[in-house]
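Worksheet: one structure, shown below.
The values are calculated or read from the model by the stated rules, or taken from the named source; none is laboratory data. These numbers were taken from a predicted model, which means no experiment stands behind them. Here the Cβ positions follow ideal geometry from the backbone for every residue, glycine too, while neighbour counts run over all protein chains shown.
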2 protein chains.
Amino acid sequence: MTTRFDVLGIGNAIVDVISPVKDSFLTDNNLVKGSMQLIDGVQAQRLYDLMGPATEVSGGSAANTVAGLASFGNKAAFFGKVKSDQLGKVFRHDISASGVSFETPGANMGAETARCLILVTPDGERTMNTYLGACIEFGPDDIDEATVRDSKVIYMEGYLWDPEQAKLAFLKAAEIAREAERDVSLSLSDSFCVDRHRSSFLELIRRDVDILFANEDEIKSLYQVESFDEALQAVRKDCKLAALTRSGAGSVVVSDDEVHVVEARKVEKLVDTTGAGDLYAAGFFAGYTNGKGLAQCAQLGALAASEIISHIGARPQESLKDLASKNGLL
Amino acid sequence: MTTRFDVLGIGNAIVDVISPVKDSFLTDNNLVKGSMQLIDGVQAQRLYDLMGPATEVSGGSAANTVAGLASFGNKAAFFGKVKSDQLGKVFRHDISASGVSFETPGANMGAETARCLILVTPDGERTMNTYLGACIEFGPDDIDEATVRDSKVIYMEGYLWDPEQAKLAFLKAAEIAREAERDVSLSLSDSFCVDRHRSSFLELIRRDVDILFANEDEIKSLYQVESFDEALQAVRKDCKLAALTRSGAGSVVVSDDEVHVVEARKVEKLVDTTGAGDLYAAGFFAGYTNGKGLAQCAQLGALAASEIISHIGARPQESLKDLASKNGLL
């Protein structure tokens, strides 16, 4: 049965503000490299004042994933909340122009459009500081039932567990999707995020989630185990399908008895890892929703991730469809 | 005698909105590749709606030059007008964080902060569409006399000739600079801009300008001649010092009997030519205000231009001071 959308992403609608920093900037400001921390408006202003000149690019984890899917030629939709301010218009323009259907109305009142202050160290690693702004206005009323029913996969970011109303929206969407027999997919987003919401995540995964995305730190944090292999054994019991990413060490995909270990793709120059996981999910879904085998899904994920880490920002700068076809993957 | 600033830049305060396009996008929309055209708010919205996903980076010709100078470790200031909106805050943050003194108050009323919709074709060439917005509020009152007197060089972009009040501000700054025996420098900005203001530019150059920057098209347009050499002979009579850039063919610097022909620097991958001329001027001034010979000034210009065309956006992404020292130029 065909649906209007291959994937519906639900997530925080964020504009990234990306700036290179030296490692000392992180230590001077007590920031944990590679993590995402939530900051309030005052902290955001303080950090922005300390940061060097920046580049603004639309971001948001699930939003990056659906923008990536559109670049693969897939049909994608997005739910998320911006304010109707200049940065909100930038976000709306970018995701719509990438080919994603984005109909969530912007907020006219309240906090400004969310931004994520991303500090990129010389090793290409990003450290994220998120001011949620208008994202806290996203709630169950923003879940358009028809769109959920008309999407093969509903993909939600773990970060949504942070704003209270978004969590309720998430649960509502999952329920509609389950009733409509759609796949429910979750990205664990960040190991600190897992730490904040471990027991609810586990409950959710066991009850609702068909496809789980996590990186090594996140899956180890979820099961509070020391080794990747222990986490792997645990997740096999809880989840129909899990795609576990390990940065340069590639990814492992498990589903029932099927297991694939797929290499990462080498890049000429690692510039900025922002969005690597998001685009891995995009590539994976590009294969998955086209009925490809799991190994090919993982290879497509690795391909999309390699494009995104070769430049600043988490939205593709070349056609992923062309790239995949050039590499014989689609 | 030491001054507080090496260079004071005066120009339009603009945020660039940069998006890759195919060549057909330019022809479909009747845009002249490589040019800058002024557009109104309605045209800006229409074009933005047609453009693909974009990246926002602070821009503005003279602003790029002073940001480049700060990256070389020079002391620089900037006059220009933003609105106190989100994009205005982005502009103010970026130029201040780069180390440039920027004290022009933002407008609280009126048009939004200016933006330039920049379309980058696969050959790296940029085609610019500028919505001047709040820049039209910039006027003589924004010329802080003390800062002009305290700058070795006053550098103004030809684009300032477009908004009427900015032109008056420009003339006021030039007069103060002349009285204070400072160098007055002008960039011709764009051949269409020269076409709009040829006779006033010539009058200004003959009366006020000590250092002129122009590319080949601009200088040929100024003198309405067919060949670069004819333009070169003409400008020698009118100007104490002229630095003429010729893209991949390098640059020619003339001052009285002194002439230098300096190569462009090869880049691994030409990504986006936005800001090449602006950063050439930055490198040139980095040498000039440190008492270097003209050949070395031109080499520094070529070096800074090569950095800027290797990535998206017209603000340096690495320290130009380090780059210059690595190349034995400073």
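Data overview
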read-out	value
Residue that is farthest from B:Gly73 (Cα to Cα) [pool: residues in segment B:315-329 that are surrounded by 23 or more Cβ atoms within 10 Å (Cβ to Cβ) and either within 11 Å of chain A (Cβ to nearest Cβ) or among the polar types (S, T, N, Q) (or both)]	B:Arg315
Among residues of segment B:182-208, those that are in a helix (DSSP H, G or I), in contact (Cβ under 8 Å) with a residue 24 or more places away in the chain and of a type in the set (Asp, Glu), counted	1
Looking only at segment B:31-72, and only at residues there that are among the hydroxyl-bearing types (Ser, Thr, Tyr) and either touching a helix residue (DSSP H, G or I) at 6+ places or on another chain (Cβ under 6 Å) or assigned to a helix (DSSP H, G or I) (or both), the one that is nearest to B:Arg115 (Cα to Cα)	B:Ser58
Residue count for segment A:27-52, restricted to those that are within 14 Å of another protein chain (Cβ to nearest Cβ) and touching a residue at least 60 places away in the same chain (Cβ under 8 Å)	5
Counted residues, segment B:291-314 - those being more than 14 Å from chain A (Cβ to nearest Cβ) and over 15 Å from the mean Cα position of the chain (by Cα)	12
Among residues of segment B:73-92, those that are closer than 21 Å to B:Asp162 by Cα and either outside any helix (DSSP H, G or I) or under 17 Å from the mean Cα position of the chain (by Cα) (or both), counted	7
Test set (1) surrounded by 19 or more Cβ atoms within 10 Å (Cβ to Cβ); (2) closer than 23 Å to B:Cys135 by Cα; (3) not aromatic (Phe, Trp, Tyr) - B:Leu38 fails condition number	(1)
Residue match in segment A:256-273 (condition: at pLDDT 95 or above and buried (at least 23 other Cβ atoms within 10 Å of the Cβ))	yes
Residue match in segment A:53-60 (condition: within 14 Å of chain B (Cβ to nearest Cβ), surrounded by fewer than 18 Cβ atoms within 10 Å (Cβ to Cβ) and farther than 17 Å from A:Thr130 by Cβ)	no
Residue under evaluation A:Ser24, criteria (1) without any contact (Cβ under 8 Å) to a residue 40 or more places away in the chain; (2) farther than 28 Å from A:Asp217 by Cα; (3) not acidic (Asp, Glu), criterion not met	(2)
Top-ranked residue in segment A:137-175 [being without any contact (Cβ under 8 Å) to a residue 40 or more places away in the chain and under 18 Å from the mean Cα position of the chain (by Cα); ranked as nearest to A:Val17 (Cα to Cα)]	A:Lys167
Matching residues, segment A:108-126, being β-branched (Val, Ile, Thr) and closer than 24 Å to B:Glu318 by Cα	A:Ile118, A:Val120, A:Thr121
Single residue of segment A:96-114 satisfying the filter (among the aliphatic types (A, V, I, L, M) and within 14 Å of chain B (Cβ to nearest Cβ)) that is surrounded by the fewest Cβ atoms within 10 Å (Cβ to Cβ)	A:Ala111
